[in-house]
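The values are calculated or read from the model by the stated rules, or taken from the named source; none is laboratory data. Please read all numbers here as calculations on a predicted model, not as lab measurements. Here the Cβ positions follow ideal geometry from the backbone for every residue, glycine too, while neighbour counts run over all protein chains shown. Ligands, DNA and RNA are excluded from the accessible area calculation, which covers all protein heavy atoms including side chains. Shrake-Rupley method; radii C 1.70, N 1.55, O 1.52, S 1.80 Å.
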Amino acid sequence: MQPDRHEHESGTSQRKRPLTGSGRRPPVSTDAMPAVERRQTPRVRSPISDIPKPIKLEDYGAVIGVAELDELRFLAQGLRGKGLQVVNPPMFTDGGKGVVKRLVSLLQELDVPARIVVPEIVNDEQLLGDLSAAVADESLAGQKRLKDAVLAQSDSHAKGMNLDEPFVVIHDLPYAGVVKPKSRNQSWIWRCSFDLSQPGSSNWSWLKPILERYDAAVFSSQRFAPALSIAQYLFYPCIDPLSEVNKSLDPGYVQQVCERFGIDRSRPVITQIASFGAANETAGVIQSYQQAKRDVDCQLVLVNSGDGHATDTATLSEAKAAAERDPDIILVETRSASEINALQRVSTIVVHMPSSELSGLPIAEAMWKGKAVIGSAVGVIPNHIIHKITGFLVHSVDDCATQIRHLLQHRDIAEQLGHNAREHVKENFLITSSVKRWLLLFQILSGKPARS
Amino acid sequence: MSVASGTDEQVQRLPVRWAKTPFYFNSAEHLVRLEQARAGNLRELHAAIASCSEDSVFQHTFRTLQEHHFIREGYSNDFAQWAYFACNEPALAEQLSAVDVREFTSIRSLRERLLETLADYLKRNSDVRERTAREPFYFCSSSAMIVPTPFVARNLTEFAKALERINVHCLHYHFIEARLRLQLKSNDFSLWLQQQMGLNQAADLINRIDIYTTTLQGVRNRILRILETTVA
């Protein structure tokens, strides 16, 4: 579960040039092109109030309906007073921590006493921060390194953590080894946020027995699950509809954001929000835009948002060069949740073309805003994008270009996709759905009669 | 004027008929469980459908309608969807889409129909049996908990008012899943209207609502319109 966005304003754009009377920006000569500049204009006032009001469970009623809240309260009834400990590795992103924190606070409101435990990492933090690669590593050295790192955590923390509540959730590998032998009084759940479908055989030989000591395992996608003898459940990573990056915005603020970054709202906007680099196919998105633009007028907004991937300087240079040649390519640097929210809202199409995707949160955020989304068919994305129903799944740059052209020339289809996309997120990818899944799982593990 | 309030005003002019047995609106919440079975081609799909649990067949046919309740058309069941987009077999996808869950009162018979459809297709198109799909079909199942709602109807007015307020999961439970529970080609709403309210025609019209060409919200609206017409 994972990323939300940071809360500060630091947005810059490649340039800010006035619109001509036609609404199009004048061609830019390379000599006159300034380098990426700091914002000179007054800071755009964020819509965030000085003292944000704490978000409560009842606030979600306006989003999901009172009937859904009643269901959550019912599901929590048999769990009241039964404690939950959630063990998070410290290398979780701030966004990931934020989501877990919100989840825990909602459970607490439902009288399920939940708390987060964040033990220290005793060694090899870098390795444990890139679990997919570590587990897939077939080399003997890699296997030993990972095994030593995981077992060191469990040896160091097992007794000190006092994990004695009825429900214990362990996130990912760093503390996977602390699981106690099965007992009637406790349920241990292993929450996996990475792709474990193809573990290296040498790693699997020691890891599988550890994981099978759990009562259940939870995965973000059916594609990520390995063969385990324990029950495995599907929990989509979810977004918080009331967070800064997802909540409704004042139209005036949205307009200010567009003006500051030089986005012409009278013309179609194609947007990608992801760090610049090969991992997010930034160059491919530019190519798709350029191909589509031969037939349809549009702008491309590339938002370097710091999504956990480092910015690739070569890709950034190429993007800048492309922007210098084409005034309709707008590069934006921002970590501001509100600005990202606004940029998603003004988009006609949102494109997300990573080479792998563990959370799908950028996709879910765009879908929540009712946008037509084009995404690469990797990782969790096919769970979000049902092809031709909630968006388009693509497998190449050419395919992406074709779909961009198609959607811009058939805006009714784009609108229907956006409508379906929002409903799909509402049904399956909101944090309240996550709360429901956890409550159901706790009920099942408590031996409550579950009808199959 | 809402349908319910219109119904309310009209019903108030008629003698109120009270049900001997009230209608208790319930819902069901499901947790999706990942199964080990997977299919990488159509032959494997056939084999896996033949051997998977009934929960799995239910998940990929009945339950998927709830998960995708907002889709007006173009999504019948997960098997048809996979045949079209992962296997590139539109003809098979059409045939699988035509499998209407409303015709079945048991998972056993539904499974038999799916297998028959697949087997016929593979017999006529043997060259596609082993063709690797773009991505595997991952079998899932679901565990459910019944969740009561605060809504109870003892007469038609209360029934219509409750219908306006229940969520789509409750609708799915009473209108689509009910067939398996009742083992009848009907639904909870129609049965209650027929047995408790004597509204046979309305019950029949409601049972005929096509769930595959509308959303669950659309189903709700149609039921309300039928009720409104009935008391008019």
- prompt: How do B:129, A:191 rank by accessible surface area computed with a 1.4 Å probe, from largest to smallest?
  reply: B:129, A:191
- request: Provide the net charge surrounding residue B:173, with neighbours chosen by a C-beta distance below 10 Å and charges set as Lys +1, Arg +1, Asp -1, Glu -1.
  value: -2
- request: Work out the FRET efficiency for residue B:155 and residue A:415 from their Cβ-Cβ distance, taking R0 = 45 Å, and round it to the nearest 0.05.
  value: 0.65
query: Points 7 angstrom from Cα along the Cβ direction at residue B:184 and residue B:165: gap in nanometres?
result: 2.7 nm
task: Provide the percentage of antiparallel DSSP beta bridges, counting only those with both residues in the protein assembly as shown; round to the nearest 5.
output: 30 percent
message: If DNA, RNA and ligands are ignored and the probe is 1.4 Å, what is the ranking of A:432, B:213 by accessible area, most exposed first?
response: B:213, A:432
- prompt: Using a ≥ b ≥ c from the Cα gyration tensor of segment A:350-423 (square roots of the eigenvalues), is it rounded, prolate or oblate, where a/c under 1.5 gives rounded and otherwise the larger of a/b and b/c decides, a/b for prolate?
  reply: oblate
field: Within segment B:162-183: backbone nitrogen closer than 18 Å to the residue B:100 label point (7 Å, Cα to C-beta)
entry: B:175-180, B:183
query: Per residue of B:139-150, how many C-beta atoms from partner chains lie within 10 Å of its own C-beta, taken as a mean?
result: 5
query: So for the protein assembly as shown, taking the charge dipole from beta-carbon charges (+1 Lys/Arg, -1 Asp/Glu), which of A:232, A:263, A:286 sits furthest toward the positive end?
result: A:232
message: Taking R0 as 51 Å, what FRET efficiency do you get between residue B:91 and residue A:212 from their Cβ-Cβ distance, rounded to the nearest 0.05?
response: 0.75
- prompt: Over all residues in B:160-171, what is the mean tally of Cβ atoms on other chains that come within 10 Å of each residue's Cβ?
  reply: 2
- line: For peptide A:66-77, the mean count of other chain Cβ atoms within 10 Å per residue Cβ is 4
message: Can you tally the net charge around residue A:223? Count Lys and Arg as +1, Asp and Glu as -1, for every other residue whose Cβ sits under 12 Å from the Cβ of residue A:223.
response: -2
In Å², nearest 10: area of residue A:417 left accessible to a 1.4 Å probe: 10 Å²
- prompt: For segment A:204-218, list residues with backbone N below 19 Å from a point placed 7 Å from the Cα of residue A:138 toward its Cβ?
  reply: A:204-208
- prompt: Carbon and sulfur together cover what percent of the accessible area of segment A:274-397 at a 1.4 Å probe radius?
  reply: 47 percent
field: Cβ charges +1 (Lys, Arg) and -1 (Asp, Glu), total dipole of segment B:1-154, debye
entry: 400 debye
Cβ-derived FRET efficiency at R0 35 Å, residue B:214 paired with residue B:116, nearest 0.05: 0.80
- request: If a/c stays under 1.5 just call it rounded; otherwise compare a/b with b/c (prolate if a/b is bigger, oblate if not). Do that for segment A:52-112, with a ≥ b ≥ c from the square roots of the Cα gyration tensor eigenvalues.
  value: oblate
message: If I model a spin label as a point 7 Å beyond the Cα along the Cα-Cβ vector, how far apart are those points for residue B:228 and residue A:229 in nm?
response: 6.0 nm
- prompt: Once label points are set 7 Å from the Cα along Cα→Cβ at both residue A:130 and residue A:314, what is their separation, rounded to one decimal in nm?
  reply: 1.6 nm
message: Using Cα-Cα distances under 8 Å and only pairs 6 or more residues apart, what relative contact order does chain B have, in percent?
response: 35 percent
- request: Please list B:97, A:305 in order of solvent-accessible area, largest first, computed with a 1.4 Å probe with all protein chains present.
  value: B:97, A:305
field: Dipole in debye (nearest 20) - segment A:297-452, about Cα centre, beta carbon charges: Lys, Arg +1; Asp, Glu -1
entry: 960 debye
- line: Looks like segment B:171-232, by Cα gyration tensor root eigenvalues a ≥ b ≥ c and the a/c under 1.5 rounded cutoff (else prolate when a/b is bigger than b/c, oblate otherwise), is oblate
statement: Length gained, residue B:109-residue B:54, 0.36 nm per residue minus C-alpha separation, equals 18.7 nm
task: Can you tell me the dipole magnitude for segment A:201-358 around its Cα centre, using point charges on the Cβ only (Lys, Arg +1; Asp, Glu -1), in Debye to the nearest 20?
output: 240 debye
